[in-house]
Amino acid sequence: MKFFLDSADINEITEINKTGMIDGITTNPSLIAKTGQNFIDVISEITNIVNGPISAEVIATSSKEMIQEGQKLAKISPNIAVKLPLTRDGLIACKTLSKEKIMTNITLCFSAAQAILVAKAGATFVSPFVGRLDDIGHDGLNLISEICTIYSNYDQFTTEVLVASARSPIHIIESAKMGADVVTIPPGTFRQLFKHPLTENGLQAFLDDWASTGQSIL
Ligand code: G3P
């Protein structure tokens, strides 16, 4: 399973990238706005920090302008994945950009029917939003299960399932059980993955017992 970090914060990305567990980055217009910085500058800097796919989202809503914006974003770096909304125009743009060998990430996916269209458009990634479905009382993880099942039925569907809007370690664990290819994780949720009270208590007990020996290794 690949881990992408869902952030445009350079300091967070730099710090968490030190774990060696980050395989890419996803951003969106809201995350970019939070930085208060220039979009192109932020994306350019991120592509120099993380080698994997860096998702940069278009703002246009017509396929013609989405293609123009996507082609411009793709020129920033070979590891740019152009993020496009899951609309009719977004999928038309996806087909064109994919034919030009530009990585694409179709975002704001909320149904299996939409995910089938994404695979037929030849997208690199589809981003189903688990947390936002949970937020309105729907079963976000069930969507991941449906998409993974459907995609596994067709060899010609090469789109990778990129679980997005992950709100907790449970979303990551259950998505991994279903065979999702990627999960994009907010920094806080990523930090939660390391934590377990029994690990912390067990380590402290080891350290306390070792201290009683009066020995040192180095
Ligand atoms: O960036 C796409 C997705 O991960 C957004 O998540 O938490 O805003 O629903 P969220």
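Here are some notes:
- Kirkwood Rh (inverse of mean 1/r, distinct Cα pairs), the range 129-205, angstrom: 13.7
- Residue-averaged 222 nm ellipticity for the chain, from DSSP H runs of 4+ at -39500 (n - 2.57), nearest 500: -15000 deg cm²/dmol
- Database remark: amide H of residue 83 closer than 5 angstrom to the amide H of 56, 57, 58, 105 (H placed geometrically; neighbours at sequence offset of 5 or more, or on other chains; Pro and chain starts carry no H).
- A straight Cα-to-Cα reach below 26 Å connects residue 72 with the lysines 34, 64, 83, 95, 99, 101, 120, residues fewer than 8 places away in its own chain not being considered.
- One quarter of the convex hull surface built on the alpha carbon atoms of the range 18-83 amounts to 4.5 nm², the projected area averaged over directions.
- Taking amide hydrogens as placed 1.01 Å from N in the peptide plane, the amide H of residue 123 sits under 5 Å from that of no residue at least 5 positions away in sequence or on another chain.
- For the range 1-51 versus the range 93-108, the gap between their alpha-carbon centres in whole angstrom: 20
- Placing pseudo-labels 7 Å out from each Cα toward the beta carbon at residue 44 and residue 19 gives an inter-label distance of 3.0 nm.
- Three-way shape call for the range 1-155 based on the alpha-carbon gyration tensor, with the a/c threshold at 1.5: oblate
- Three principal axis extents describe the C-alpha atoms of the range 84-179; from largest down they are 37, 26, 20 Å.
- What you get for the range 70-218, charging only the Cβ of Lys and Arg (+1) and of Asp and Glu (-1), is a dipole of about 820 debye around the Cα centre.
- One chain, two ends: residue 71 and residue 37. Fully extended at 0.36 nm per residue, the span grows by 10.1 nm beyond their Cα-Cα distance.
Where a number appears in this text, it was derived from the coordinates with a stated rule and is not lab data. As the structure is a computational prediction, the values presented were derived from the model and not from experiment. Glycine also receives a Cβ, built like all others from the backbone with ideal geometry; neighbour counts cover every protein chain displayed.
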